[in-house]
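One structure is given below, encoded as C-alpha coordinates.
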Amino acid sequence: SGTIVVAFGADRAAWFAGSPRVAGVPTDRDGRYVIRNLPPGEYRVVATSALDPLSLEWFDPARLEELLPAAVPLTIAGPEKKTVDLRPR
(Lines give C-alpha, C1' and ligand atoms only; values in the text may rest on other atoms or scores of the structure.)
Protein backbone atom coordinates (compact mmCIF):
# COMPACT_ATOMS: atom_id res chain seq x y z
CA SER A 1 0.00 0.00 0.00
CA GLY A 2 1.35 3.42 -0.94
CA THR A 3 4.06 2.00 -3.17
CA ILE A 4 4.65 3.50 -6.60
CA VAL A 5 6.73 1.78 -9.30
CA VAL A 6 8.55 4.20 -11.55
CA ALA A 7 10.21 3.35 -14.86
CA PHE A 8 12.39 6.03 -16.39
CA GLY A 9 14.78 6.24 -19.31
CA ALA A 10 18.45 5.67 -18.55
CA ASP A 11 19.19 8.82 -20.56
CA ARG A 12 18.52 11.85 -18.35
CA ALA A 13 17.42 13.81 -21.44
CA ALA A 14 14.14 11.83 -21.24
CA TRP A 15 13.38 13.10 -17.72
CA PHE A 16 10.72 15.76 -18.36
CA ALA A 17 6.99 16.17 -17.76
CA GLY A 18 4.97 14.16 -20.25
CA SER A 19 7.94 12.10 -21.44
CA PRO A 20 6.91 8.77 -22.98
CA ARG A 21 10.04 7.30 -21.32
CA VAL A 22 8.85 8.05 -17.77
CA ALA A 23 5.94 6.24 -16.15
CA GLY A 24 4.71 5.70 -12.62
CA VAL A 25 1.99 3.34 -11.41
CA PRO A 26 0.77 2.31 -7.97
CA THR A 27 1.05 -1.30 -6.92
CA ASP A 28 -2.10 -3.22 -6.13
CA ARG A 29 -2.71 -4.54 -2.61
CA ASP A 30 -0.67 -7.65 -3.46
CA GLY A 31 2.28 -5.55 -4.64
CA ARG A 32 1.75 -6.22 -8.34
CA TYR A 33 1.95 -3.57 -11.03
CA VAL A 34 1.78 -3.15 -14.81
CA ILE A 35 3.43 -0.41 -16.84
CA ARG A 36 2.30 -0.32 -20.45
CA ASN A 37 3.47 1.28 -23.68
CA LEU A 38 7.06 2.20 -22.90
CA PRO A 39 8.99 2.69 -26.14
CA PRO A 40 12.05 0.50 -26.76
CA GLY A 41 15.14 1.57 -24.87
CA GLU A 42 17.17 1.38 -21.69
CA TYR A 43 15.30 2.07 -18.45
CA ARG A 44 15.68 2.07 -14.71
CA VAL A 45 12.84 0.76 -12.54
CA VAL A 46 12.30 1.37 -8.83
CA ALA A 47 9.57 0.82 -6.24
CA THR A 48 9.17 3.58 -3.68
CA SER A 49 6.77 4.87 -1.07
CA ALA A 50 8.53 8.26 -1.07
CA LEU A 51 6.40 9.74 -3.87
CA ASP A 52 2.92 11.24 -3.80
CA PRO A 53 0.91 9.35 -6.47
CA LEU A 54 -1.34 12.34 -7.09
CA SER A 55 1.47 14.81 -7.74
CA LEU A 56 3.21 13.09 -10.68
CA GLU A 57 6.53 13.65 -8.89
CA TRP A 58 8.10 10.89 -10.96
CA PHE A 59 8.52 13.37 -13.83
CA ASP A 60 10.73 15.63 -11.66
CA PRO A 61 14.39 15.13 -12.65
CA ALA A 62 15.56 15.86 -9.09
CA ARG A 63 13.29 13.11 -7.71
CA LEU A 64 14.44 10.65 -10.39
CA GLU A 65 18.05 11.44 -9.51
CA GLU A 66 17.25 10.55 -5.87
CA LEU A 67 15.67 7.24 -6.95
CA LEU A 68 18.44 6.28 -9.38
CA PRO A 69 20.80 4.51 -6.92
CA ALA A 70 18.08 1.99 -5.97
CA ALA A 71 16.80 1.47 -9.52
CA VAL A 72 17.12 -1.80 -11.44
CA PRO A 73 18.19 -1.75 -15.13
CA LEU A 74 15.65 -2.87 -17.73
CA THR A 75 15.97 -3.10 -21.51
CA ILE A 76 12.89 -3.04 -23.72
CA ALA A 77 13.57 -4.17 -27.28
CA GLY A 78 10.05 -3.94 -28.69
CA PRO A 79 6.52 -5.11 -27.93
CA GLU A 80 7.17 -7.56 -25.14
CA LYS A 81 6.33 -8.40 -21.55
CA LYS A 82 8.99 -8.18 -18.88
CA THR A 83 8.85 -9.05 -15.20
CA VAL A 84 10.87 -7.09 -12.66
CA ASP A 85 10.67 -8.03 -8.97
CA LEU A 86 11.34 -5.01 -6.80
CA ARG A 87 11.62 -4.19 -3.12
CA PRO A 88 10.30 -0.77 -2.03
CA ARG A 89 12.94 1.68 -0.94
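The values are calculated or read from the model by the stated rules, or taken from the named source; none is laboratory data. Source: prediction; values computed, not measured. As a convention, Cβ positions derive from the backbone with ideal geometry for all residues, glycine included, and neighbour counts pool all protein chains shown. Surface accessibility is based on the protein's heavy atoms, side chains included, excluding ligands, DNA and RNA. Shrake-Rupley method; radii C 1.70, N 1.55, O 1.52, S 1.80 Å.
Worth a mention:
- Think of the chain as having a plus end and a minus end, set by charges on the Cβ of Lys, Arg, Asp and Glu; of Thr27, Ala17, Ser55, Thr27 sits farthest toward the positive end of this dipole.
- Heavy atoms of Arg32: accessible area, 1.4 Å probe, square angstrom to 10: 140 Å²
- Seen from Pro53, the other residues with C-beta closer than 15 Å to its C-beta sum to a net charge of -2, counting Lys and Arg as +1 and Asp and Glu as -1.
- Computed helical MRE - 222 nm, the chain, DSSP H runs ≥ 4 contributing -39500 (n - 2.57), nearest 500: -2000 deg cm²/dmol
- Rg/Rh (Cα only; Kirkwood hydrodynamic radius) as it applies to the chain: 0.92
- If R0 equals 25 Å, the separation of the Cβ atoms of Ala77 and Asp52 corresponds to a calculated FRET efficiency of about 0.15.
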